[in-house]
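Q: This is the structure, below, for whatever I ask next.
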Amino acid sequence: MTRITPQPGIMDISLYQSGAAHVAGISNSIKLSSNENPLGPSDLAIEAYKRAAFDLHRYPSSDHSSLRAAIAEVLDLDAERIICGAGSDEIIAFLCNAFAGPGDEVIHTEHGFAMYRISALAAGATPVEVPEKERITDVDAILAACTDKTKLVFIANPNNPTGTMIGLAEMERLASGLPTQAMLVLDGAYAEFVDGYDGGAALVSARDNVFMTRTFSKLYGLGSLRIGWGYGPAEIIDVMNRIRGPFNLSQSGLDTAEAALRDVAYAEHCRAENAKWRTWMANALAEIGVQSDVSHANFILARFGSSQEADACDEYLKATGLIVRKVAGYNLPKALRITVGDESACRRVVHAVRNFKAGEDT
């Protein structure tokens, strides 16, 4: 009798758990669990999406040339070194499928994005988890973990779910210290929220062992369209394009992403609003005893005294219609990740946590 079995490593993958979107019995809940832009996409992006409806019968561009050219123009990059994918998740999968396999190792940090481990296992490679130092990427620990089997090193900078990041000097030290067969992948999903930060693009341009991923899901508010991209050495891009499906992105997504990227004024507005309310919420929570590291993203990691307290606060918030993200699966059982919403949402969160803490004391 034939027995159909999956490839080794597949059954070691735990199903990815996305942020909850609804609370049973509550119709007006506020979702702060997936780091979405509370202001939504720009008007120009919405208009581009509407126009694309007239061409739904046409196949999309297979080379994404218009979007790649726009990215290159706006960010001063080389279009030939850009690849587009269905969110940065697909770019991560391309990297693992193309450059790691059985017998190879893929390094990620202990609080790093779950897709690094998932994509490594899916490719048959071995994920290697490295400790962070007080929720910050530890370059020395990563370098110590490298072996002759290391093929990829993933770090998110800023990191999700901690919101912390390392500077250019540390990124350069990490890239310089890797084994010759290994590539550093800088996940820049939240890079746009950091003023003056290029996500590591200059480092990619200067070296042959660094790759950068980016997304339109966060600052640009296009999470539902799944548009991501990567920037790397030309020979790396060539390899990845050989396994990329020819029509992996819809034309509506491509057109909308380009319009969003070119609406620089709106992006600046979203960045400023996020910074304003991120600081306000972090300070307000700190005043009531809920600490967080300085966040460089569009969320804060609120830390509690115990996992029991974090779980109880999560239940209390849900009962008031506020949905945040538990991050025990990221080795942070005493914390909750809270997306920076608009002013009303941020004030509601602080008010609810204040009431929760007051209830603990009675």
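Q: Based on Cβ point charges of +1 for Lys and Arg and -1 for Asp and Glu, what charge dipole magnitude is obtained for segment 280-340 about its Cα centre, in debye rounded to the nearest 20? Could the numbers behind the result be given before it?
A: Values: 6 positive and 6 negative charges, 36 e Å.
Around 180 debye, computed over segment 280-340.
Q: Using packing as a proxy for protection, rank 38-44, 158-164 so that the peptide with the highest average count of other Cβ atoms within 10 Å comes first. Spell out each step's value before the answer.
A: Values: 38-44: 18.0, 158-164: 25.6.
Result, highest mean first: 158-164, 38-44.
Q: How big is the dipole moment of segment 43-262 about its Cα centre under a simple scheme where the beta carbon of each Lys and Arg is +1, that of each Asp and Glu is -1, and everything else is neutral? Debye, nearest 20, please.
A: Numbers: 18 positive and 30 negative charges, 112 e Å.
It works out to roughly 540 debye.
Q: When the Karplus curve 6.51 cos²θ - 1.76 cosθ + 1.60 is applied with θ = phi - 60°, which whole-Hz ³J(HN,Hα) does each residue of segment 223-234 get, with x for Gly and Pro?
A: x, 6, 8, 6, 10, x, 7, x, 9, x, x, 4
Q: Taking R0 as 25 Å, what's the FRET efficiency between Ile243 and Glu110 from their Cβ-Cβ distance, rounded to 0.05?
A: Details: r = 29 Å, r/R0 = 1.17.
It comes out at approximately 0.30.
Q: With all pairs of different alpha carbon atoms counted, what Kirkwood hydrodynamic radius in Å does segment 163-290 show? It would help to have the intermediate numbers written out before the result.
A: Working: mean 1/r = 0.0594 Å⁻¹.
Hydrodynamic radius (Kirkwood, Cα only) of segment 163-290 equals 16.8 Å.
Q: Can I ask one more? For His351 and Glu80, FRET efficiency with R0 = 41 Å and r from the beta-carbon atoms, rounded to 0.05?
A: Values: r = 51 Å, r/R0 = 1.25.
The computed FRET efficiency comes out at 0.20.
Q: Can I ask one more? How do 89-97, 7-15, 350-358 rank on mean C-beta neighbours within 10 Å, highest first? List each step's numbers first, then the result.
A: Working: 89-97: 23.6, 7-15: 11.4, 350-358: 17.2.
Put in order of decreasing packing, that is 89-97, 350-358, 7-15.
Q: Per DSSP H run of n ≥ 4, the term is -39500 (n - 2.57); total these for the chain, divide by its residue number, and report the mean residue ellipticity at 222 nm rounded to 500 deg cm²/dmol. Please report the intermediate quantities before stating the final value.
A: Values: 12 runs with 142 residues, N = 362.
Only helices count here, giving -12000 deg cm²/dmol.
Q: Label segment 47-104 by shape, choosing from rounded, prolate and oblate, from the square roots a ≥ b ≥ c of the eigenvalues of the Cα gyration tensor; if a/c is under 1.5 it is rounded, and otherwise prolate applies when a/b is larger than b/c, oblate when it is not. Write out the running numbers ahead of the final one.
A: Working: a/c = 2.94, a/b = 1.63, b/c = 1.81.
Oblate, because a/c is 1.5 or more while a/b does not exceed b/c.
Q: Continuing with the same structure: Rank by packing, highest mean first: peptides 51-59, 80-88, 340-348, with packing defined as the count of other Cβ atoms within 10 Å averaged across residues.
A: 80-88, 340-348, 51-59
Q: In addition: For the pair Ala141 and Glu315, what calculated FRET efficiency results from E = 1/(1 + (r/R0)^6), where r is the Cβ-Cβ distance and R0 = 41 Å, to the nearest 0.05? Don't skip to the answer; put the middle values down first.
A: Values: r = 35 Å, r/R0 = 0.84.
It comes out at approximately 0.75.
Q: Follow-up. What are the ³J(HN,Hα) couplings of segment 127-138, residue after residue, when phi is run through the Karplus curve with 6.51, -1.76, 1.60 and θ = phi - 60°? Round to Hz, x for glycine and proline.
A: Result, rounded to whole Hz: x, 10, 8, 10, x, 9, 10, 6, 6, 10, 3, 9.
Q: Neighbour counts of other C-beta atoms within 10 Å: give me Val239, Val204 arranged from fewest to most. Please report the intermediate quantities before stating the final value.
A: On the way: Val239 16, Val204 25.
Listing Val239, Val204 from fewest to most nearby Cβ atoms yields Val239, Val204.
Q: Where does the chain land on the Kirkwood hydrodynamic radius, alpha-carbon pairs, in angstrom? It would help to have the intermediate numbers written out before the result.
A: Numbers: mean 1/r = 0.0470 Å⁻¹.
Result for the chain stands at 21.3 Å.
Q: Cα centroid distance between segment 200-272 and segment 1-79, in Å?
A: 11
Q: Answer rounded, prolate or oblate for segment 1-89, using the Cα gyration tensor with square roots of eigenvalues a ≥ b ≥ c: rounded when a/c is under 1.5, else prolate when a/b is larger than b/c, else oblate.
A: oblate
Q: Just rank His296, His269, fewest to most, by other beta-carbon atoms within 10 angstrom. Walk me through the intermediate numbers first.
A: Working: His296 20, His269 13.
With the fewest neighbours first, His296, His269 line up as His269, His296.
Q: By a straight-distance test (C-alpha under 17 Å), which aspartates and glutamates pair with Lys334 as possible cross-link partners, with residues fewer than eight away in the same chain excluded?
A: Glu110, Glu132, Glu134, Asp293, Glu309, Asp311, Asp314, Glu315, Glu360
Q: When averaged across all projection directions, what area in nm² does the alpha-carbon convex hull of segment 224-362 cover?
A: Values: hull surface 45.8 nm².
The directionally averaged projection comes out at 11.5 nm².
Q: Of the listed pairs Lys149/Lys218; Lys276/Lys318; Lys50/Lys318, which have alpha-carbon separations greater than 30 Å here?
A: Those over the limit are Lys149/Lys218; Lys50/Lys318.
Q: Restricting to Cα pairs below 8 Å that are 6+ residues apart, what does the relative contact order work out to for the chain? Please round to a whole percent. The partial results should precede the final answer.
A: Details: 687 pairs, mean separation 84.1, N = 362.
Computed value for the chain: 23 percent relative contact order.
Q: Right, next: Quick check for me: using +1 on Lys/Arg Cβ and -1 on Asp/Glu Cβ, what's the dipole size of segment 1-77 about its Cα centre, in debye to the nearest 20?
A: Numbers: 6 positive and 8 negative charges, 74 e Å.
Dipole of segment 1-77, to the nearest 20 debye: 360 debye.
Every number in this text was worked out from the coordinates using simple rules, so none of it is lab data. Quantities reported herein were computed from a predicted structural model and do not represent experimental measurements. Ideal geometry is used to build each Cβ from the backbone, glycine not excepted, and the neighbour counts take in all protein chains shown.
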